[in-house]
Amino acid sequence: MSRRAQFLEVLGIPTEWVPRRTAPGLPAAEAVAEVAVTQVLAEELAPIPAVTEFAEPPVAVAETAARPVPVALVPESAPSDREAAIAAMSWAELEAAVSGCTACGLCETRTNTVFGVGDREADWMLVGEAPGENEDKQGEPFVGQAGKLLDNMLASLGLARGRNVFIANVLKCRPPGNRNPEPQEVAECEPHLRRQIALIRPKVIVVLGRFAAQSLLRTTTPIGKLRGTVHTYEGIPVVVTYHPAYLLRTLTDKVRAWEDLCLAREVYDRAGART
Ligand code: URA
C-alpha cells in the first residue's frame with residue numbers, strides 16, 4: 001500500500017477520489033484538490049458539534065476562527081538577561097529551568113511541566129500549542145487521542161516518536177481548562193522552545209495548528225494561508241499544518257494535512273539526510 005493510501009486509511013478517509021468541481025465549462029485550472037464525494041457530503045451534512053464535545057484543547061478545534069493569537073508581546077528587541085541565559089543553556093540546564101519555571105501563573109495550576117520528547121538529534125521537529133489534561137498528568141506531549149493520530153501521521157511518513165523526531169509545544173505548562181494561552185505566557189515560554197530548536201537544529205519544523213504557527217512565525221495570517229509555503233524560523237524551514245485534534249473531526253482538512261506532510265518530506269529530502 002502506498003504511503004498516501006496508508007495515511008488516508010489511518011485517518012479513515014475513503015480512497016476513491018473524484019474532482020470536487022466538475023461543472024461543465026469550469027476551466028481545469030480552477031478544479032480544486034480532489035475530494036471524495038462521500039467526504040463532501042459528510043462535511044456538508046454533518047451537524048457542527050459544540051466545542052465542549054471535544055476532549056482536546058478548544059483552541060485546536062477552531063483552527064480557522066479569527067481569534068487573536070498573542071504574538072504582539074513576544075519581544076523583537078534585544079534579549080533580556082533571562083532570555084540570554086536560556087539561549088546559552090545545555091539540555092540539562094534547560095530541562096531544569098523548565099521544570100522549575102515560575103515565570104508565569106501557569107506554574108500554580110500545572111501538575112507537570114511538559115518539556116518535550118524525542119530524539120535530541122532529530123531531523124524532524126514537531127511543535128504543538130500547549131499541554132492538555134493528559135499531557136499535564138503524564139508530562140509528555142500529545143498523549144491523548146490527538147497524539148494517537150499524530151503517531152499515525154508520523155508512521156505514514158516512516159517516522160516514529162523518538163526516532164529522528166522531537167515533539168514539543170510552544171507552552172510547557174497546561175493553561176487551566178485548556179483555555180487559550182495568554183500573551184505573557186507565550187512571551188515567557190518562547191525562549192525555552194527557541195533554545196530547544198537551537199540545540200536540535202532540525203532539518204524541518206512541522207508546526208501543528210494555527211496557534212503554534214502564528215506564535216512561532218509571529219504573524220496573524222490565518223492557517224489556511226500559512227499552509228503550502230515553506231517559512232523559516234532561525235534559518236530552519238517550517239511547514240505549517242493543521243492540529244491533529246482539529247483533524248480528528250475535519251475530513252477535508254485531513255487530505256490537506258497529507259499534502260502538508262508531503263511538502264515537509266520534500267523539504268527534508270532536499271536538505272539531505274543528516275550524516
Ligand atoms: N495539543 C497540543 O498542542 N499539544 C499537546 O501536547 C497536546 C495537545
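Read the figures in this text as sums done on the coordinates, not as results from a lab. Model, not experiment: these values are computed from the prediction. Using ideal geometry, Cβ is built from the backbone for each residue, glycine included, and neighbour counts are taken over all protein chains shown.
Side notes on the structure shown:
- Relative contact order (percent, whole number), region 80-271, Cα cutoff 8 Å, 6+ residue spacing: 23 percent
- Among 189-199, 108-118, 168-178, 226-236, the peptide with the highest mean count of other Cβ atoms within 10 Å heads the list, and the full ranking is 168-178, 189-199, 108-118, 226-236.
- Look at where the Cα atoms of region 121-177 and of region 195-255 average out, and the two centres are 13 Å apart.
- For 254, 148, the sequence from fewest to most other C-beta atoms within 10 Å is 148, 254.
- Here, region 80-271 is characterised by an Rg to Rh ratio of 0.93, where Rg is the alpha-carbon radius of gyration and Rh the Kirkwood radius.
- Cut-off under 5 Å, modelled amide H: who pairs with residue 169 long-range: 128
- Extreme residue, positive dipole direction of region 80-271, given options 118, 192, 156 (C-beta unit charges): 156
- Listed peptides 160-167, 208-215 by packing density, highest first (mean Cβ within 10 Å): 208-215, 160-167
- Relative packing of peptides 258-266, 125-133, 89-97 - highest average C-beta neighbours within 10 Å first: 125-133, 258-266, 89-97
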